[in-house]
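Single-structure report; data block below.
Any read-out appearing in this document is the output of simple, stated calculations on the displayed coordinates, not a laboratory observation. Everything quoted here is computed from the prediction, not taken from an experiment. Glycine gets a Cβ as well: all are built from the backbone with ideal geometry, and neighbour counts include every protein chain shown.
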Amino acid sequence: MKFVREGESPDTEVLSGENGEFFFSSVAPGPFHLTITSEGLTPQDFSGNMHPGEVYVTPLIRLIIATQVTEVRVGLTRDELADAQVKDQEKQRVFGFIPNFYVSYVPDAASLAPRHKFALAWKSATDPVTFAAVGVVAGFDQAGDRWGAYGQGTRGYAKRFGASYGDVFAGTFIGSAILPSVLKQDPRYFYKGRGSKRSRIFYALANSVICKGDNGHWQPNYSSIAGNLAAGGISNLYYPANDRNGIGTVVSTALIRLGETAVANIFQEFFAPKMTPNLPSRGSGQP
């Protein structure tokens with residue numbers, strides 16, 4: 001309790017008793033001001049005027065619980081945000097069933113940790129649709145007698161299937177998981193969706209040789225280029241000897257995959273969104 005008399009100092013303070021009673025003794029007549037405080041309660045002020053010889057009794061003064069403003073911000077860490085965005089990507093399927101995991105419709109999506117990159121690679125390489133697509137390719141290869149040394153029949157088909165799947169598996173893990181983790185690059189295509197048709201075509205083609213780094217800056221896509229070359233080199237280990245051409249096969253395979261990436265990016269920019277149900281929001285990806 002603080003007692004203040006205008007023009008006088010120092011102020012007088014007292015503590016109330018257990019029941020809240022308080023008193024000031026030897027107080028000179030005149031106007032006064034009381035300030036009543038208690039921890040956790042809103043302070044109260046009271047003013048009055050005491051006459052000579054008067055014993056002044058204040059009315060009942062109640063303190064109320066202080067109003068507290070608590071601000072709570074609920075958000076995700078960058079790693080948790082990446083988890084949520086990757087889960088959204090894993091639901092992306094053209095026509096509702098063809099995997100389309102490596103496209104981000106959030107322009108400032110959280111960067112991927114190595115575990116995200118390997119999870120996406122595994123999800124893509126082991127998807128049932130991937131196996132079905134490889135089976136179709138192996139069937140066409142057998143019908144055209146590609147890799148003739150494998151022969152025909154069930155055994156020939158199994159060898160072609162294994163070779164085709166080996167290409168897919170090696171290319172996916174090396175170019176979209178291992179090297180991006182080492183080089184800190186993002187293996188995803190970031191959908192543009194805005195601007196003139198010409199600018200979007202150029203953007204899609206350029207993204208076959210450039211990518212975002214984990215720092216969010218654009219840079220040469222060393223992961224994809226080196227990954228295609230590495231996958232081409234590994235394929236020479238299991239292709240029939242008559243179909244191997246050393247460095248020629250490696251380079252030609254890499255160039256074919258580069259062209260395939262450019263075509264896929266055009267498809268992603270102009271057609272895939274129209275065929276993919278329940279696309280995630282293009283809102284900010286910042287935590």
Which aspartates and glutamates, on any chain, are close to Lys197 with Cα under 15 Å apart, when same-chain ones fewer than 8 places away are left out? Glu269
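Which of rounded, prolate, oblate describes the chain, given a ≥ b ≥ c as roots of the alpha-carbon gyration tensor eigenvalues and a/c under 1.5 marking rounded, otherwise prolate only if a/b is larger than b/c?
Cα axes put the chain in the prolate bin.
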Determine, for each peptide in 108-116, 183-191, the mean count of other beta carbons within 10 angstrom over its residues, then list the peptides with the highest first. 183-191, 108-116
Report ³J(HN,Hα) in whole Hz for each residue of segment 96-109, in order, from the Karplus equation J = 6.51 cos²θ - 1.76 cosθ + 1.60 where θ = phi - 60°; Gly and Pro get x. x, 9, 7, x, 9, 7, 9, 10, 10, 8, 9, x, 10, 4
Identify, among Val27, Val57, Gln44, the residue whose Cα sits farthest towards the positive end of the charge dipole of the chain, taking +1 on the Cβ of Lys and Arg and -1 on the Cβ of Asp and Glu, with the dipole about the Cα centre. Gln44
Fewest first, what order do Lys212, Lys274, Lys123 take by the number of other Cβ atoms within 10 Å? Lys274, Lys123, Lys212
Nearest 5 is fine: what % of DSSP beta bridges in the chain come out antiparallel, could you say? 90
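What Kirkwood hydrodynamic radius do you get for segment 107-162 when you take the inverse of the mean 1/r over all pairs of distinct Cα atoms, in Å?
The Cα-based Kirkwood calculation yields 13.3 Å.
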Rounded if a/c is under 1.5, else prolate if a/b is larger than b/c, else oblate: which is segment 118-210, with a ≥ b ≥ c the root eigenvalues of its Cα gyration tensor? prolate
I need two numbers for segment 13-120: Rg to one decimal and Dmax as a whole number, Cα atoms only, in Å. 33.0, 96
Dipole in debye (nearest 20) - the chain, about Cα centre, beta carbon charges: Lys, Arg +1; Asp, Glu -1: 2460
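Can you tell me which of 192-199, 91-98 comes out highest on packing, and rank the rest after it, using the mean Cβ neighbours within 10 Å?
So the peptides 192-199, 91-98, ranked by packing, come out 91-98, 192-199.
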What ³J(HN,Hα) values, in whole Hz, does the Karplus curve 6.51 cos²θ - 1.76 cosθ + 1.60 give for segment 269-277 when θ = phi - 60°, with x put for Gly and Pro? 6, 10, 10, 4, x, 6, 9, 10, x
Report the full-extension gain for the segment Ala143 to Trp122: residue separation times 0.36 nm, less the Cα-Cα distance, to one decimal in nm. 4.6 nm
Which whole-number percentage describes the relative contact order of the chain, with Cα contacts under 8 Å and a sequence gap of 6 or more? 18
Beta carbons within 10 angstrom, averaged per residue: use that to sort the peptides 175-181, 257-263, highest first. 175-181, 257-263
Lysines with Cα under 20 Å of Lys192, excluding same-chain neighbours fewer than 8 positions away: Lys91, Lys212, Lys274
Ser104's amide H: which non-local residues (gap 5+, or another chain) put their own amide H closer than 5 Å, with H modeled 1.01 Å from N in plane and none for Pro or chain starts? Tyr189, Phe190, Tyr191
Please give the calculated 222 nm ellipticity per residue for the chain, where each DSSP H segment of at least 4 residues contributes -39500 (n - 2.57) and the sum is spread over every residue; nearest 500 deg cm²/dmol? -13000 deg cm²/dmol
Starting from the Cα gyration tensor of segment 55-195, take the square roots of the eigenvalues, sort them a ≥ b ≥ c, and report rounded, prolate or oblate (rounded when a/c is under 1.5, otherwise prolate if a/b is larger than b/c, else oblate). prolate
Positive-pole candidate from Pro220, Ser199, Gly232, dipole of segment 168-241, charges at beta carbon: Ser199
